[in-house]
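Before any comments, here is the structure.
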Amino acid sequence: MSRPDSESGFTLIETLIGMVLTALIAVAISLSMRTAVQMSSKMARNDAVMEAQRTRQLVAGWLALALPDAAWSEDGGILFRGEAGRLVWTVEASGKGGAGLAQYELTTAPGTQCQAEPDLVLHDLILIVREYAPGHLDAPVASDRRVLIECAGLPAFEYLGPDEATPAGRWRDEWNHTQLPGLIKLSVGKKADWIVVRPYFSLPFGGRTD
């Protein structure tokens with residue numbers, strides 16, 4: 001005698017079909033999650049690249065407007081100083097009471113999230129902006145500090161300009177003349193050149209640099 005339909009269970013074929021369908025659903029969910037993670041990572045990388053590009057453009061634009069020390073008549077006024085790992089430059093800035101000066105400084109500071117790696121010291125690339133009242137370089141009226149690149153390698157600045165030995169110009173890691181160099185190059189860590197800028201008020205090659 002056969003059992004009533006209400007007491008009958010799943011057959012072996014039905015059980016196998018259910019297992020296959022469950023496995024297919026699990027695989028589909030796994031692939032969807034993996035695709036979503038990959039797309040999210042790709043978007044984050046693209047955002048980082050675009051942000052770095054915008055930062056380069058901003059820094060290059062500010063640096064192109066650098067003023068030479070010779071443009072400032074105040075005693076002891078230093079508008080541009082270039083070192084191997086630090087750069088200070090000054091531009092004209094319009095504000096209340098007339099045109100003043102804004103001084104930029106690119107330097108590094110230890111990052112709270114940075115970890116040292118073999119042969120690589122990681123620091124945050126910092127931009128400091130100081131605004132001065134018209135005709136004064138004694139004390140800033142406002143200042144701002146922001147992180148441009150987190151956990152970057154140490155920056156390296158180079159300055160191209162002529163001297164008595166090489167009138168055509170050569171790269172050097174310091175610049176302390178009253179005139180501006182012909183080109184300024186900034187590299188970050190072991191990466192390729194980050195920016196190369198020609199200041200608008202740079203000294204033409206063949207002229208004096210001090």
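All but one of (1) in contact with a strand residue (DSSP E or B) (Cβ under 9 Å, 6 or more places away or on another chain); (2) modelled with pLDDT of 80 or more; (3) in a helix (DSSP H, G or I) hold for L79; which doesn't?
L79 satisfies every listed condition except (3).
If we keep just the residues of the stretch 142-192 that are of a type in the set (A, V, I, L, M), under 25 Å from the mean Cα position of the chain (by Cα) and in a loop (DSSP other than H, G, I, E, B), which is modelled with the highest pLDDT?
Taking the candidates together, the pick is L154.
The values are calculated or read from the model by the stated rules, or taken from the named source; none is laboratory data. Computed from a prediction, not measured in an experiment: that's the story for all the values here. Positions of Cβ are backbone-derived with ideal geometry, glycine not excepted, and every protein chain shown enters the neighbour counts.
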